[in-house]
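The values are calculated or read from the model by the stated rules, or taken from the named source; none is laboratory data. From a predicted model like this one, the values you see are computed outputs, not experimental measurements. Cβ coordinates were reconstructed from backbone atoms using ideal geometry, including for glycine residues, and neighbour counts include every protein chain displayed.
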Amino acid sequence: MNESTTKDNRKFIIREPLVENAEEIIDYSKILFASTDQVLTTLEEYTITVESEKQWIEKINGDPNSLILIAEINKNIVGLLFFISNSKKKISHTGEFGVNVHPKYQGIGIGYALIENLLKWARQNEQIEKLFLQVFASNERAIRLYKKFGFIEEGRFVKAAKQLDGQYIDIIQMYIETK
Ligand SMILES: CC(C)(COP(=O)(O)OP(=O)(O)OC[C@H]1O[C@@H](n2cnc3c(N)ncnc32)[C@H](O)[C@@H]1OP(=O)(O)O)[C@@H](O)C(=O)NCCC(=O)NCCS
């Protein structure tokens, strides 16, 4: 568990979730998906059950090369990060992550702190050498944040996403080496 302070002076903690947090993570994720069109999943598509969320948390917590982190203010989830390593041997030194912050708590350093904790963990992990992520080319705030940590664009999937209004979006893949 790691305690930090937001830019507006509120205490938050970053920790791995327990299976008991499954329902709260689902509620948090619904708020997130309803708040942005800069992620792949739409609210309507997000139909995960508490049972399968519990299984997911249990699986990741039991995998020494994958990680879920939640950020909490006053015991409420305000941010989530997950890193999933690849299980196939030849790509097992790599993995993909995703990060998001509650719409009411964005811009106060929580996303930054979640990524900082992931990088610290990855640098201590014996197997993980490369982290990557995919981000909508239109998501300027997220891209700026990733670049601050040294993430580099390694590829662009042209018109890979289409917003509900018909607008095409390129998806950019970015990576960082941790060894
Ligand atoms: C993108 C997202 C994860 C960023 O998280 P956030 O908590 O809002 O971002 P932060 O407050 O940590 O960072 C914002 C800024 O402060 C900077 N910052 C924060 N803490 C810092 C620190 N300790 N040291 C240096 N810089 C810091 C960040 O680099 C960034 O810089 P900017 O002002 O130039 O944008 C969040 O806005 C979000 O969830 N958006 C919707 C979902 C989404 O787009 N997810 C990403 C999909 S790929």
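So how many residues does segment 120-165 have that are away from the ligand (no atom under 15 Å from the Cβ), under 14 Å from PHE83 (Cα atoms) and part of a strand (DSSP E or B)?
Final tally of qualifying residues: 1.
How many residues are more than 20 Å from ILE13 (Cβ to Cβ) and within 11 Å of the ligand (Cβ to nearest atom) when one looks only at segment 76-97?
Residues of segment 76-97 that are more than 20 Å from ILE13 (Cβ to Cβ), as a first pass: 84-96.
Keeping just the survivors that are within 11 Å of the ligand (Cβ to nearest atom) gives 96.
Of the residues in segment 76-97, 1 are more than 20 Å from ILE13 (Cβ to Cβ) and within 11 Å of the ligand (Cβ to nearest atom).
Among all residue pairs at least 6 apart or on different chains, which show Cβ distances below 7 Å where the first residue, located in segment 100-114, is over 11 Å from LEU32 (Cα atoms) and near the ligand (Cβ under 6 Å from one of its atoms) and the second is at pLDDT 95 or above and among the polar types (S, T, N, Q)?
ILE108/THR6; GLY109/THR6; ILE110/THR6
Please determine, by comparing only the residues of segment 64-102 that are over 20 Å from LYS179 (Cα atoms) and more than 14 Å from the chain's Cα centre (by Cα), which one is surrounded by the fewest Cβ atoms within 10 Å (Cβ to Cβ).
Applying the filter and picking the extreme gives LYS75.
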